[in-house]
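Notes to accompany the following structure.
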Amino acid sequence: MRQRIAVVGSGPAGLTFARVLHRHDYPVTVLERDPSPDARPPGGTLDLHEGLGQRALDKAGLLAEFQALSRPEGQAMRILDTAGTVLRDWRPRPDDRANPEIDRGQLRDLLLGPLDVRWGHGVTQVVPGTPEGVGVHFADGHQEAFDLVVGADGAWSRIRRAVSPVTPHYTGVTSVETSLDDVDTRHPDLARLIGDGSVAVYGVNRSLVAQRNSGGHVKVYAQFRVPLDWHTDLDPADAEAVRSSLLALFDGWAAPVLDLLRHGTAFVHRPLYVLPVAHTWTHVPGVTLLGDAAHLMPPLGAGANLAMLEGAELAESIAAGPGDPDEAVRAFEEQMWARAGRWAKTTTDGLERLVSPDPAEALALFDQVQPS
């Protein structure tokens, strides 16, 4: 008899897991607290790596559709100093598909496809080891039982509590996000500054990064080292007050660079949290984790890629049968912990260098990871 499987969360990890199971004709219930796919802005753009996110999409039978949607030109990267001087200007070859970009919303819709998601089903708790299986408690008060519950519910996972007492901790770096719309028409000078992909500027303990999405939309990220309560006297809903505060933090930087903040619309405050680099847990039958729920790390391009590949691999292990499904989950966890630990260390070290007292560290890191 096939297991009753639920995955909590409809992000890249949960949807990839469900989509690969669906491809193997294996039933899975997707539980999502949001009332609909468009209840919240989907976020910015993702670069999907050949050996990680693209490999996961291949396992889901979606690689060709991804290639039709993705933007290989979005791999372009330009680095400036705070005076506006171009230090590096890397542009991909026409056939380079190592890390093409795709908007998060487009990726979500691609993965959703035929999946039947139970929208508006917020999970508050899971209780393993009940006579009926793993008990799932919902925000509206009702309960259900499953044989396996996969927590793909992000940084502040409710499912994590069933296997680990660990919670995320603040990195010391905060990111404030803003956006530019219709950039090619409304802000042509900034469009040229950003190019086809991203532009990054690194200063002492702070950085500004602007990244193209599709349709002339640009996401701008200001990152800086501050105490967690740095904005206590600042109303995050007061865009002008936030803008003034950011311009003061980046005072002295080149005017075209600061225009990325001057022309931004709403500002979103995002302190960066992580889980310990080597986060593991004692295996709990019937419950496991994927993605940020398992190994929240700095947002340096690895997290979503790892999450998707994990979802695909776990789904394949379960669908492969016969055998003990719990042993498949246990083996998957061991593999996930080893790989995620390596990436968590890489991204943690990377954040230290990108938002550093010495801006030369950021440039050196870029030279290490970009092809010559």
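Structure above, values below:
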{"quantity": "Separation between Cα centres of the stretch 161-225 and the stretch 322-369, rounded to whole Å", "calculated": "20"}
{"quantity": "Range in the chain, longest, excluding exposed GluC sites (Glu not before Pro) [loop by DSSP; at most 16 other beta-carbon atoms within 10 Å]", "calculated": "133-372"}
{"quantity": "Solvent-accessible area, 1.4 Å probe, carbon plus sulfur percent, for the chain", "calculated": "51"}
{"quantity": "Potential extension, residue 170-residue 370 segment - 0.36 nm per residue separation minus Cα distance", "calculated": "69.2 nm"}
{"quantity": "Within the stretch 44-177: Cβ-based charge dipole about Cα centre, in debye rounded to nearest 20 (Lys, Arg +1; Asp, Glu -1)", "calculated": "300"}
{"quantity": "FRET E, pair residue 139, residue 85, Förster distance 45 Å, beta-carbon r, rounded to 0.05", "calculated": "0.30"}
{"quantity": "Helical contribution to [θ] at 222 nm, DSSP H n ≥ 4, -39,500 (n - 2.57), averaged over the chain, rounded to 500", "calculated": "-10500 deg cm²/dmol"}
{"quantity": "Extension gain (nm, one decimal) between residue 189 and residue 270, 0.36 nm per residue minus Cα-Cα", "calculated": "26.4 nm"}
{"quantity": "Computed lengthening from residue 248 to residue 361, 0.36 nm per intervening residue step minus Cα-Cα distance", "calculated": "38.3 nm"}
{"quantity": "Alpha-carbon Rg/Rh ratio, for the chain, with Rh computed the Kirkwood way", "calculated": "0.98"}
{"quantity": "Selection of trypsin sites (Lys or Arg not before Pro), the stretch 288-354, meeting DSSP coil and at most 10 other Cβ within 10 Å", "calculated": "none"}
{"quantity": "Sites residue 237 and residue 182 - FRET efficiency at Förster radius 22 Å, r taken between beta-carbons, to 0.05", "calculated": "0.40"}
{"quantity": "Simple label model, 7 Å out from Cα along Cβ direction - residue 115 to residue 349, nm", "calculated": "3.3"}
{"quantity": "Positive dipole terminus of the chain, leading residue within 22, 236, 217 (C-beta point charges)", "calculated": "22"}
{"quantity": "Share antiparallel - DSSP beta bridges, the chain, percent rounded to 5", "calculated": "75"}
{"quantity": "Rounded to 5, the percent of DSSP beta bridges in the stretch 1-157 classed as antiparallel", "calculated": "65"}
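The values are calculated or read from the model by the stated rules, or taken from the named source; none is laboratory data. Fair warning: this is a prediction, and the values are worked out from it, not measured in the lab. Cβ sites come from the backbone with ideal geometry, for glycine too, and all protein chains shown count toward neighbours. Each accessible area value is taken on the protein alone, full model and side chains, heavy atoms only, with ligands, DNA and RNA left out. Shrake-Rupley method; radii C 1.70, N 1.55, O 1.52, S 1.80 Å.
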